[in-house]
Amino acid sequence: MGVIAADALPADPLEALRELARSEPELERLRRDKVLAARAAGATWEQVGNALGVSRQSAWEYFTARIREELAENANANAELSEVEAMQMAVDEVRSVRRRRRH
């Protein structure tokens with residue numbers, strides 16, 4: 001049984017497509033939440049990938065895409081940083097993430 005109730009979609013194919021498109025953000029959020037829950041429960045990236053029907057690498061890239069985009073935007077916004085300053089910022093961020101994970 002699928003999660004999406006096809007019988008509940010509008011009869012008009014174009015309106016049904018619009019309804020499906022409107023549900024994409026919710027589906028994306030649910031998928032991310034379930035990946036987080038699986039990882040917190042000890043699932044490997046390979047197991048997550050198998051559940052999603054993709055490779056381990058694809059699962060990791062899918063899950064981290066938003067974070068990588070945010071980091072790239074941040075790097076572009078801080079192009080005037082020296083290499084030393086950029087490295088210190090990266091070290092500080094890693095420490096911050098590790099502290100959040102411990103709590």
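Whenever you get a sec, compute what percent of the accessible area on segment 1-98 sits on carbon and sulfur atoms (1.4 Å probe). Please report the intermediate quantities before stating the final value.
Details: 4490 of 7810 Å².
About 57 percent, which is the carbon plus sulfur part of the accessible surface.
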Here, Ser58 and Glu15, labelled 7 Å along Cα→Cβ, have an inter-label distance in nm of 3.5
Expressed per residue, the solvent accessible area of segment 61-103 in Å² (1.4 Å probe) is about 91
From the Cα centre of segment 1-62 to that of segment 65-103, the distance in Å is 28
Taking N as the residue count of the chain, its alpha carbon Rg divided by 2.2 N^0.38 Å gives 1.49
Given a 1.4 Å probe, the accessible area of segment 6-45 per residue, as a whole number of Å², is 76
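The values are calculated or read from the model by the stated rules, or taken from the named source; none is laboratory data. If you're wondering where the values come from, they're calculated on a predicted model, not measured in any experiment. Every residue, glycine as well, gets a Cβ built from its backbone with ideal geometry; the counts of neighbours run over all protein chains shown. Ligands, DNA and RNA are stripped out before the accessible areas are found, and what is left, the full protein with its side chains, is counted by its heavy atoms. Shrake-Rupley method; radii C 1.70, N 1.55, O 1.52, S 1.80 Å.
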